[in-house]
Amino acid sequence: MTEAARAAASAGFSDVPLDADGVPHGQPVLDRLVALLDLERIEENIFRGVSPAESPVRVFGGQVAGQALVAAGRTVDPGRRVHSLHSYFIRGGDPTVPIVYEVDRIRDGRSFTTRRVVAVQHGKAIFSLSASFQLDEPGLDHQDPMPSVPPPDSLPTYAESAAGYLDKVGMARLPRPVDIRYVTQPPWRAREDGPGEARSRVWMRADGKLPDDDLLHVCVLAYASDMTLLDSVLVRHGVYWGTDKVLGASLDHAMWFHRRFRADEWFLYDCASPSASGARGLATGRFYARDGSLVATVVQEGLLRVVR
C-alpha cells in the first residue's frame, strides 16, 4: 500500500474535529478517505488497498466500490471520464487484511474504454465491477427536475438527528467523511410511526475540500451512494438496522454519471424503492447538484432479512 494509505488505515483521531456526539468528522477524516482511495500499484494491472482501523465487521460496500473504480481509472487515459459502472458484492470483505484489485483491460475503442475489476481476499473474489469510460462529446440534453426540498443548512446535522439512537444506528459511531442531512425523517425515527412511503431524501457532501481530480470526485460519490440508499426500502416497512432484527447486505450496485460535479459541494440524494420481495429490496437513487443538475443515477438491490 502507499505510505499515505498505510498511515490512514492505522491513524487514530486524537486531534481532529469532533461532531456534537463526539464522533470524528471534517477535513482530517475526509483526507483519510482520500488516502484510502490512493491504491498501491503492485503490477501493471494489479492494485492493493486497505480498510480503516475503525471498519465494521465487513468492509463497507461503498469503500470497495470506490477503490475498484480507482483501480479501473488508473488504467484509462485521463481524458476519458467514467459514465457507468455495474458491480456485484460476492462475499463479505475482511477489513483486517488488504484487498487486491485485478484489472482486465477489456476494450480501448475510439470513444469508449471498458474495464473489468475483481477484488480478491484470501484467494477468493469478494467483489466485481465493470466500468465504462468515454471521451466528452456533445449531444442531446434533458433531465427530470430536482424535487423541491429545504436547503441543507436549514436541516439538523447527522449527530443531531441521531441523538438518543447512537448505540443502535448502523454506522453512527464510525468517523464521518461525508456530511449527511436528512430531508425526510431519519429511518430510525420514522420506524416509530410504522410503515411509511418508500422514499428517503438526504443532502450529502464530502466533509471538507477535495483535490481537483474528476475520478476522485466520482469515487467519493460512489462511496457515499451506498450509505443511505436502502433506507427507502426499510422505511416502507417501519424497520431499521440495529433498532430491529434486520440482517442485510448490498447484492449489486449500478451507477450512471450524467454531468460533471464536485463531491465536496452539496448534492441531494433522492431515493425510492419500487419493490421488495424474496428477502431482497430494490432501491433507486438520483443525485442532484445544488443548482438542480441531475449528475448521477443509482440502482441497488440489497439482501434484507427480518428476523421475527
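The values are calculated or read from the model by the stated rules, or taken from the named source; none is laboratory data. Bear in mind the structure is a predicted one, so any value in this text is a computation, not a measurement. Here the Cβ positions follow ideal geometry from the backbone for every residue, glycine too, while neighbour counts run over all protein chains shown. The protein model used for the area step is the full one, side chains on, heavy atoms only, and it has no ligands, DNA or RNA in it. Shrake-Rupley method; radii C 1.70, N 1.55, O 1.52, S 1.80 Å.
Only residues that are at pLDDT below 95 and open to solvent by less than 20 Å² (accessible area, probe 1.4 Å): list them for the range 199-228, please.
Passing the criteria: only THR228.
Restricting to the range 73-99, and then to whatever is closer than 20 Å to VAL298 by Cα and in contact with a helix residue (DSSP H, G or I) (Cβ under 9 Å, 6 or more places away or on another chain), can you tell me which residue is surrounded by the fewest Cβ atoms within 10 Å (Cβ to Cβ)?
Only one residue fits best here, namely ARG81.
Which ones in the range 91-126 are under 11 Å from ALA71 (Cβ atoms) and of a type in the set (A, V, I, L, M, F, W, C)? Reasoning before the result, please.
At the first step, the residues of the range 91-126 found to be under 11 Å from ALA71 (Cβ atoms) are 99-104, 115-119.
Hits for the range 91-126 are ILE99, VAL100, VAL103, VAL117, VAL118, ALA119.
Restricting attention to the range 182-195, which residues are open to solvent by 30 Å² or more (accessible area, probe 1.4 Å), free of Cβ contacts under 8 Å to residues at least 60 places away in the same chain and not in a helix (DSSP H, G or I)?
THR184, GLN185, PRO195
For VAL306, work out the one condition from (1) modelled with pLDDT of 95 or more; (2) open to solvent by 20 Å² or more (accessible area, probe 1.4 Å) it doesn't fulfil.
Among (1) modelled with pLDDT of 95 or more; (2) open to solvent by 20 Å² or more (accessible area, probe 1.4 Å), the lone unmet condition for VAL306 is (1).
Out of ALA119, ALA159, I need the residue that is at pLDDT below 95 and open to solvent by less than 30 Å² (accessible area, probe 1.4 Å). Which one?
Of the residues listed, the single one that is at pLDDT below 95 and open to solvent by less than 30 Å² (accessible area, probe 1.4 Å) is ALA159.
If I ask for residues that are part of a strand (DSSP E or B), among the hydroxyl-bearing types (Ser, Thr, Tyr) and open to solvent by 20 Å² or more (accessible area, probe 1.4 Å), which ones from the range 274-303 would you list?
Within the range 274-303, SER275, SER277, THR284, THR297 meet the criteria.
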